[in-house]
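In what follows, a structure is listed as structure tokens, so that the remarks can point back to it.
No lab work stands behind these numbers, since they all come straight from the coordinates. Just so we're clear, the structure is a prediction, and the values are computed from it rather than from any experiment.
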Amino acid sequence: MNQRLDARLLLDEMFSPAIAAELCERGHDVIAVADRPDLRAKSDEEIFAWASAERRWLLTENVKDFRPIMLRVLSAGSPGCGLLFTSSRAFPRSRKNPGPLINALHAWLSDGPPAPPVTESWLLGVPDSSWDDLPATAEGQLQQVVADD
């Protein structure tokens, strides 16, 4: 595994703390907003500021709110965090089967986030495929192929 120490992640409020717990079990530094009372009541701007102060990438489906925040911060200087976007279409949120999202995040974190000046990345699913049947390394390779298309 090629895990980088700087691959730290904050899961936005729509993601279950169970996802963060499983990723921590796999050796990653991941925090879920939903698991932290001090973060749950914060606005998007405050969540972004907290992630920046902690030097964490922020996983969210909320492109329409977080992209403008990132653009404002970029115009004022360099942000302390990046945005990792995904969607419920790519990874349907399911308490019964969070495995595909967990496996994709594990692969992304193991590969390490994009190097600066990149401030945005997308976690894409593989259409009509079962992520559960693939080893983590294959998921990362397939994710890269999909992202490159």
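Taking amide hydrogens as placed 1.01 Å from N in the peptide plane, the amide H of Trp122 sits under 5 Å from those of Phe85, each at least 5 positions away in sequence or on another chain. Taking amide H as placed 1.01 Å from N in the peptide plane, the amide H of Arg8 sits under 5 Å from that of Trp57, each at least 5 places away or on another chain. Enter the Cα centre distance for the pair region 1-69 and region 91-121, rounded to the nearest angstrom. Going from one Cα centre to the other spans 11 Å. Listed values for region 66-71 are Karplus-derived 3J(HN,Hα) couplings in whole Hz (6.51 cos²θ - 1.76 cosθ + 1.60, θ = phi - 60°), namely 7, 5, x, 4, 4, 5, and x replaces Gly and Pro.
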